[in-house]
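What follows is one structure encoded as structure tokens, with my remarks underneath.
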Amino acid sequence: MKQQTLRRLISLGMLAALCIFFSVLSKSFLTANNMLEIVRDAAVPGIIGVGVTYVIITSGIDLSTGATMALVAMVMANIYKYTLIPIPIMILVGILVGFVCGVVNGLVVAKLHLPEFIGTLATMGIFRALTYIIAVRDANGTISSVAMNHSSYAILGKGFGRIYFVSIAFVVITIIGQIVLKYTRFGTNLYAVGANPKAAELSGINIARTRIIAYIVVGLCAAIGAIFTTGRLQSTTALLGEGFEFNPIAASVIGGVSLSGGYGEIIGTFIGAIFMAALENGVLKLQMNTAYQYVIKGVIIIMVVIFDAWFNSVMEKKAQEAAAGKEA
Amino acid sequence: MANNEIILEAKNIYKSFSGVPVLQDVHFEVRKGEVHALMGENGAGKSTLIKIITGVYSKDAGSIWWEGKEVQVNSYADVQKLGIACIYQELSVEPPLTVAQNVFLGREPRKFGLIDHKKMIRDTEELIARYGFPLKADELVANLGIGLRQLVEILKGLSCDSKLLIMDEPTASLSGKEAESLFEIIEKLRDQGVSIIYISHRLEEVYRLSDRLTVLRNGQNAAVLNHEQIEPRLVIKTMIGKEVDESAGSAKEMRKNNNEVVLDVKNFSDEIGMFKNVSFQAHRGEILGFGGLIGAGRTELMRAIYGIDKHKSGTATLNGVELKYSPKESIKAGFGFVPEDRRNQGFIPLLSTVKNVALTNYDIVKKNGTSISDKDERDMGIRAIQQIDIRPDNPDKEVGLMSGGNQQKVVLGKWIQRDLKVLIVDEPTAGIDVGAKDQIYSILEDLASQGIVVIIVTSDLQELIRVSHRILVMRKGSIIKEFDSGIVTQSMVLEAGSGIVD
């Protein structure tokens, strides 16, 4: 069996084990409605995870996704509150803001050559600060949350019955993300840049462009995430998405994307996002202190990373031995 | 087979780096369908010449002709367009991708904008079949050993219809069997009309493969030999120049024989065969030289004895006590280690001489078991500067800003503050100018005269013969020859290291 297929099955197995665990302890876990809710909760981190997976495959990281979401939402909130611009155009402006955030990240990392971690940590601060600067204030000048409850916007938080639009978007974006990764030159280039940039360069791949596009995809995904989130909340605040950047990264890692670059795929991230949502949901169902959730998440991530390092070395060794056996 | 049509010609090439001439009036030509070897000692200008041909460096003067027309090459992309592919020593493949993806990286066949995987696999299988490589198009490169990865890179070069392949030490990291299949492939390619520039230190390979051989010496053409003329002793003589050969080694004073064994290494082997069953003894006050080709396992052996890397079996004892194979314990026992990669492993560039010298000696400058005495630390740095004439003599100068020779003196300076019993130096004068080299030699000789065992690993034959009292030559992980330095010549060492004799 191929390594990738096996790794996918392992992610699925972990998810199944988690679900069995919670369904034994709580009757309300394994119900159709709860499952659909889990998918809904997984959707936004999963959508952003598509872009983040691209960036991690190039051996980068993006810490600014939560702040990007906040900035996108706050720009839209200003338009919503102070102008008569129609909702669809407001949404397009929001997506444009996400695009610009991606471009900024890409330039900082690929053109100014900042380490990804520091570069996006800095832009995270900048995007968040910009959000505060343009935040909508009440008569006393205090930052307030902004209602965005027009029916043609709030519909984004709904769905066909219990199949939420955001879940549909999650599945569609995942499929597109996987196709782009496997069937376009850009997708192949992501792996090439992440695994051996020198070889990529010798093959005529534009490394800077590839990395910038990856960050733009993250920005766009974060904008889509922000739109669905605010549509569901029917409001936004300057605090939107704080600490959220952790979730898409965690989803990627659990799905087998290697933080050292070169390995991973969107299907893994999809499963990883659902895993995280199921974990959160289960912890709530068991009425455990939600603080434990973070402990459990952290421990699981550590275990998965250790497992992956071991798994990859074992698989490589096995394959090399097999190849050597063939030669002999 | 080779005809006389010339495919590539480099004429009257000149190149210098910051005023130091590296290539002078070099002429180099390759015929269609020939394997043309390029040889020369380290620093003879081989890789500079190749980098000029492949557009990595610009030339100061001269011209490059491709298929009868003068060409300007400014980047590797230009060169690829001509039909030249370079197989680098460090492989440039992408492990997470398949063989087919690697071969077509950056120019994948597409249908409706999406990559046509089927066609890509098919085309790759065709290429594989045409050249008879033992590869599978849809195999992940991560799953291939180093030899097969190299074939992937060669295949990639061939897939662009390359007419000339440049191979830089292609067998450096291959096993004997892998090398053998590479040779067969090279011969097959030649029969199909592909020209190959083959750079190697290994005479046996050059003899086996090449139709012609160009030898460079000190940045100049030393000879172009036809296959019939490739005779080991002649080639070596051409490479090192006769005059040097005969004078070296003989002038040195012979060390008084001292039979007190200090370091005793028995049956040392590692996991992957970089060194196998190595045994040797080093005596008090002896400078023991390790010769051989790059990749013979000398550095790996020393690192394992000192304890940086693990070994599988065998023992090393210092004055009868077995070592603990950890750098910390080895230092305690009286070892010093000057690594090959000075800049990354030898010192901390941003720290001053004082701090660098103190770094390995905090057990000495510790005042009362916990805090460090600034004064002791400073005194030690100043002492080192005086002992071995480090320049500039400002103890607070950042070591990263000094010349290579003085950097190396700082590295030596920190070790000589200790009560050393054995000092291992690996390529101690690489990249260091001639004056500083002499100073480093006299420091090493000084240390030996104090009874310290100095083990020197060097690829510079002149240096090996000049400094060592006794020379062990390694080849493919084993010690294959021992020489007393009074009677040895550079050719003898080189012949032993390349496996021509014995």
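Tabulated values for the structure
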| item | result |
| --- | --- |
| Test for B:I121: is it open to solvent by 50 Å² or more (accessible area, probe 1.4 Å) and of a type in the set (V, I, T) | yes |
| Residue within segment B:437-444 that is over 20 Å from B:G346 (Cβ atoms) and not β-branched (V, I, T) present | no |
| Pair list, Cβ < 6 Å and 6+ apart or interchain, from segment B:61-88 residues that are more than 14 Å from chain A (Cβ to nearest Cβ) to residues that are open to solvent by less than 20 Å² (accessible area, probe 1.4 Å) and not in a strand (DSSP E or B) | B:V73/B:G55; B:V73/B:V79; B:N74/B:G55; B:G83/B:S162 |
| Selected residue [surrounded by fewer than 16 Cβ atoms within 10 Å (Cβ to Cβ), within 26 Å of B:G295 (Cα to Cα) and hydrophobic (A, V, I, L, M, F, W, C)] from B:I166, B:I199, B:I146 | B:I146 |
| Filter result for the condition that a residue is surrounded by fewer than 24 Cβ atoms within 10 Å (Cβ to Cβ), within 14 Å of chain B (Cβ to nearest Cβ) and part of a helix (DSSP H, G or I), over A:I168, A:I175 | A:I175 |
| Test: residue in segment A:57-67 that is in a loop (DSSP other than H, G, I, E, B) and charged (D, E, K, R) | yes |
| Residue tally, condition farther than 14 Å from A:E265 by Cα and either among the charged types (D, E, K, R) or open to solvent by 10 Å² or more (accessible area, probe 1.4 Å) (or both), over segment A:53-64 | 3 |
| Among the residues listed as B:A129, B:A137, the single one being away from chain A (no Cβ under 12 Å), open to solvent by less than 80 Å² (accessible area, probe 1.4 Å) and not in a helix (DSSP H, G or I) | B:A137 |
| Any hit, segment B:54-66, residues being among the hydroxyl-bearing types (S, T, Y), out of contact with any Lys or Arg (no Cβ under 8 Å at 6 or more places or on another chain) and over 30 Å from A:L181 (Cα atoms) | yes |
| Options B:I154, B:I185; residue that is open to solvent by less than 30 Å² (accessible area, probe 1.4 Å) and within 13 Å of B:I87 (Cα to Cα) | B:I154 |
| Residue identified as away from chain B (no Cβ under 14 Å), surrounded by fewer than 16 Cβ atoms within 10 Å (Cβ to Cβ) and either among the acidic types (D, E) or in contact (Cβ under 8 Å) with a residue 60 or more places away in the chain (or both) among A:Y132, A:Y215 | A:Y132 |
| Residue count, segment A:280-321 (criterion: within 12 Å of chain B (Cβ to nearest Cβ) and either surrounded by 12 or more Cβ atoms within 10 Å (Cβ to Cβ) or modelled with pLDDT of 85 or more (or both)) | 7 |
| Those residues of segment A:222-233 which are modelled with pLDDT of 95 or more, open to solvent by 10 Å² or more (accessible area, probe 1.4 Å) and either not in a helix (DSSP H, G or I) or not β-branched (V, I, T) (or both), in sequence order | A:F228 |
| Test: residue in segment B:96-118 that is of a type outside the set (V, I, T), more than 11 Å from every other protein chain (Cβ to nearest Cβ) and either out of contact with any Leu (no Cβ under 6 Å at 6 or more places or on another chain) or surrounded by fewer than 17 Cβ atoms within 10 Å (Cβ to Cβ) (or both) | yes |
| Sole exception among (1) open to solvent by less than 90 Å² (accessible area, probe 1.4 Å); (2) within 22 Å of B:V453 (Cα to Cα); (3) within 31 Å of the chain's Cα centre (by Cα) for B:M402, by number | (2) |
| Residue match in segment B:91-110 (condition: more than 21 Å from B:S175 (Cβ to Cβ) and in contact with a Gly (Cβ under 7 Å, 6 or more places away or on another chain)) | yes |
| Set B:L464, B:L494, B:L447: member being hydrophobic (A, V, I, L, M, F, W, C) and surrounded by fewer than 22 Cβ atoms within 10 Å (Cβ to Cβ) | B:L447 |
| Checking A:T188 against (1) of a type in the set (S, T, N, Q); (2) more than 14 Å from chain B (Cβ to nearest Cβ); (3) in contact with a strand residue (DSSP E or B) (Cβ under 9 Å, 6 or more places away or on another chain), the condition it does not meet | (2) |
| Positions within segment A:192-212 being in a helix (DSSP H, G or I) and open to solvent by 30 Å² or more (accessible area, probe 1.4 Å), in sequence order | A:A195, A:P197, A:K198, A:E201, A:L202, A:I207, A:R209, A:R211 |
| Which listed residue is more than 22 Å from B:R418 (Cα to Cα) and either in contact (Cβ under 8 Å) with a residue 60 or more places away in the chain or not aromatic (F, W, Y) (or both), from B:L293, B:L323, B:L318, B:L288 | B:L293 |
| Total residues in segment B:52-93, condition under 24 Å from the mean Cα position of the chain (by Cα) and acidic (D, E) | 1 |
| Strands (runs of 3 or more DSSP E) within segment B:406-490 that include 3 or more residues free of Cβ contacts under 8 Å to residues at least 12 places away in the same chain | none |
| Residues (open to solvent by less than 60 Å² (accessible area, probe 1.4 Å) and part of a loop (DSSP other than H, G, I, E, B)) located in segment A:135-146 | A:A135, A:V136, A:G141, A:S144 |
| Failed item in (1) open to solvent by 10 Å² or more (accessible area, probe 1.4 Å); (2) in a helix (DSSP H, G or I); (3) modelled with pLDDT under 95; (4) not aromatic (F, W, Y), with A:N149 passing the rest | (2) |
| Residue that is at pLDDT 95 or above, open to solvent by 10 Å² or more (accessible area, probe 1.4 Å) and over 25 Å from A:A238 (Cβ atoms), where the choices are A:V50, A:V39, A:V104 | A:V39 |
| Some residue of segment B:493-501 being in contact (Cβ under 8 Å) with a residue 12 or more places away in the chain, among the hydrophobic types (A, V, I, L, M, F, W, C), within 25 Å of B:E377 (Cβ to Cβ) and not in a strand (DSSP E or B) | no |
| Failed item in (1) among the charged types (D, E, K, R); (2) open to solvent by 10 Å² or more (accessible area, probe 1.4 Å); (3) more than 30 Å from B:E205 (Cα to Cα), with B:K476 passing the rest | (3) |
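A quick yes/no check of all residues on (1) surrounded by fewer than 22 Cβ atoms within 10 Å (Cβ to Cβ); (2) at pLDDT 90 or above; (3) not aromatic (F, W, Y); (4) not in a loop (DSSP other than H, G, I, E, B):
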residue: B:M274; (1), (2), (3), (4): yes, no, yes, no
residue: B:F290; (1), (2), (3), (4): no, yes, no, yes
residue: B:G295; (1), (2), (3), (4): yes, no, yes, no
residue: B:Y325; (1), (2), (3), (4): yes, yes, no, no
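The values are calculated or read from the model by the stated rules, or taken from the named source; none is laboratory data. Since the structure is predicted, the reported quantities are computational estimates derived from the model, not experimental observations. FYI the Cβ positions are ideal-geometry reconstructions off the backbone, even for glycines, and counts take in every protein chain you see. Areas reflect the complete protein model, heavy atoms only, side chains present, ligands, DNA and RNA absent. Shrake-Rupley method; radii C 1.70, N 1.55, O 1.52, S 1.80 Å.
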